[in-house]
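Quick notes on the structure that follows.
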Amino acid sequence: QAEPRFLWNSYLLEPLIENKLDQYLLPVIQGSFQNIQAEVGSEKVNVTLIARRCTGRIGTRMWRRGADAEGYAANFVESEQIMQSKGYTASYVQVRGSMPFLWEQIVDLTYKPSFDVVRQEEAPSVLERHFKDLQKKYGAVLAVDLVNTQGGEGRLHERYAKSIEPILSEDVR
């Protein structure tokens, strides 16, 4: 029942699934879970926060950047906030990941290592694949560019802005 892209031990579970040993399955995800009860005025509100990290293109910051040719962004995390009060439930999902085009960072001992945008001609198609996948899984997408627009990161900002412009629509803003 676990979503495969967030299931860290899927290869270990395959023999158990094949042999119908479902009672021994323990899906493992990497992430966090918090549940708190708060009061807003006189109303009690139950708030649940869930974050889970995707198994594709994992790595530590600086060592794994960009996206692969299929559009899967490095260090992709899905976070969900669930609020419950007075019998109603509301949910908000937010995802984050590395800039979804082909780039890499050469790690050295400097504070801000340099990076290279590779295969620049493929950037628009990689980014489009990334956003089509997000739309399929989540619906309409509101993208926020959080990189510095000045200095070295300004090149990433420019490449991102140039690559996303052709796919902007009501469903991708």
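Listing for the model above:
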quantity	calculated
Virtual paramagnetic centre 7 Å along Cα→Cβ of residue 144, amide N under 11 Å, in region 72-97	94-96
Cβ-defined net charge surrounding residue 33, 11 Å radius [Lys, Arg +1; Asp, Glu -1]	0
Net charge over other residues, Cβ less than 13 angstrom from the Cβ of residue 120 (K, R count +1; D, E count -1)	-1
Positive minus negative residues near residue 140 (Lys, Arg vs Asp, Glu; Cβ under 13 Å)	+2
Extension reserve of the residue 2-residue 122 stretch, reckoned as 0.36 nm per residue once the Cα distance is removed	40.0 nm
Rule-of-thumb Rg ratio for region 103-163 [Cα; 2.2 N^0.38 Å; N residues]	1.30
Chain lengthening between residue 94 and residue 38 when straightened (0.36 nm per residue, less Cα-Cα)	18.0 nm
Heavy-atom accessible area per residue - the chain, 1.4 Å, Å²	69
10 Å-binned pair-distance histogram of region 4-165 (Cα, whole percent)	9, 29, 29, 22, 11, 1
Within the accessible area of the chain (1.4 Å probe), percent carbon and sulfur	53
Derived scalar couplings ³J(HN,Hα) [region 96-101; Karplus, 6.51 cos²θ - 1.76 cosθ + 1.60; whole Hz; x for Gly, Pro]	8, x, 5, 3, x, 9
Qualifying chymotrypsin sites (Phe, Trp or Tyr not before Pro) in region 1-90, DSSP loop, other Cβ atoms within 10 Å at most 16	63
FRET efficiency, 1/(1 + (r/R0)^6) with R0 22 Å, evaluated for residue 55 and residue 114 via beta carbons	0.15
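The values are calculated or read from the model by the stated rules, or taken from the named source; none is laboratory data. Just so it is clear, the model here is predicted, and its values are computed rather than measured. Positions of Cβ are generated from backbone atoms using ideal geometry, with glycine treated the same way; all protein chains shown enter the neighbour counts. For the accessible areas, the whole protein counts, side chains as well, though only heavy atoms, and no ligand, DNA or RNA atoms are used. Shrake-Rupley method; radii C 1.70, N 1.55, O 1.52, S 1.80 Å.
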